[in-house]
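K.L.:
Can you keep this structure in mind? I'll have questions shortly.
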Amino acid sequence: MKPEEYSPLNLAYLGDAVFELMVRESLVSDSSENVDSLFRKSKAYVCASAQSQSYFRLFNHLSPEEQQVAKRGRNSKPASKAKKASVLEYQHATGLEALFGYLYLSGRTDRLREIFTLCIPDEVHS
């Protein structure tokens with residue numbers, strides 16, 4: 001199946017894992033801290049409110065195709081509700097996750113890393 005044929009929520013499901021893996025990889029490569037400390041740091045970036053901010057930070061840097069994918073994710077109707085975020089933050093976070101899932105399935109890892117650097121402060125990524 002082509003990446004554009006996946007539902008936006010399936011893309012977001014996968015993209016959530018891709019995004020978290022990239023955050024963890026960056027934290028581990030830049031630190032010799034213990035796992036508890038790394039876990040706390042990762043949660044600051046892998047949450048709906050932080051991902052929502054990242055959505056807005058990078059949106060204008062996306063191609064029209066990437067913007068369309070992010071919008072599809074943002075406009076989807078998830079079955080679950082955000083625990084510690086507003087509905088709007090959760091929707092924008094879902095858009096970001098859908099984009100990460102789409103790029104991952106498309107095999108565009110260079111672009112994925114480029115976008116990731118726009119999402120996360122310099123001190124986190126290497």
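K.L.:
Pairwise over distinct Cα atoms, reciprocal of the mean inverse distance: report the Kirkwood radius of the stretch 1-95 in Å, one decimal place. Provide the component values of the computation, followed by the final result.
P.N.:
On the way: mean 1/r = 0.0702 Å⁻¹.
Its Kirkwood hydrodynamic radius stands at 14.2 Å.
K.L.:
Using a Gaussian network for the chain with springs between C-alpha atoms less than 10 Å apart, which of these wobbles most: VAL87, VAL69, VAL46?
P.N.:
VAL87
K.L.:
Taking each full run of DSSP H in the chain as one helix, which ones are at least 30 Å long along their axis (Cα atoms) and have mean Kyte-Doolittle hydropathy of at least -0.5?
P.N.:
Details: long enough: 8-29 (31 Å, 0.75).
Span-like helices here: 8-29.
K.L.:
Just need the relative contact order of the chain here, percent rounded to a whole number, with Cα pairs under 8 Å and 6+ apart.
P.N.:
Details: 163 pairs, mean separation 54.2, N = 126.
Reported relative contact order: 43 percent.
K.L.:
Just to verify a number: FRET efficiency for ASN60 and GLU33, C-beta to C-beta distance, R0 = 30 Å, to 0.05?
P.N.:
Details: r = 34 Å, r/R0 = 1.12.
Taking R0 as 30 Å, the efficiency between ASN60 and GLU33 is 0.35.
K.L.:
Something else now. In square nanometres and to one decimal, what's the mean projected area of the convex hull around the Cα atoms of the stretch 14-57? Display every interim value, and only then the final one.
P.N.:
Details: hull surface 12.7 nm².
Computed as one quarter of the Cα hull surface, the answer is 3.2 nm².
K.L.:
How do PHE100, PHE59 line up, fewest other C-beta atoms within 10 Å first? Before the final figure, lay out each step's value.
P.N.:
On the way: PHE100 29, PHE59 18.
Lowest to highest Cβ neighbour count: PHE59, PHE100.
K.L.:
Here is a follow-up. If the limit is 22 Å between Cα atoms, which of LYS2/LYS84; LYS43/LYS83; LYS41/LYS83 go over it? Intermediate results must be reported in sequence, preceding the final value.
P.N.:
Values: LYS2/LYS84 33 Å; LYS43/LYS83 14 Å; LYS41/LYS83 19 Å.
As for pairs spanning more than 22 Å Cα to Cα, those are LYS2/LYS84.
K.L.:
Between THR117 and ARG40, what is the label-to-label distance in nm when each label sits 7 Å out along the Cα-to-Cβ direction?
P.N.:
For THR117 paired with ARG40, the spin-label model returns 3.0 nm.
Every read-out reported here was derived from the displayed coordinates using simple, explicitly stated rules and does not represent laboratory data. As the structure is a computational prediction, the values presented were derived from the model and not from experiment. Reconstructed Cβ throughout: ideal geometry from the backbone, glycine too, with neighbour counts over all protein chains shown.
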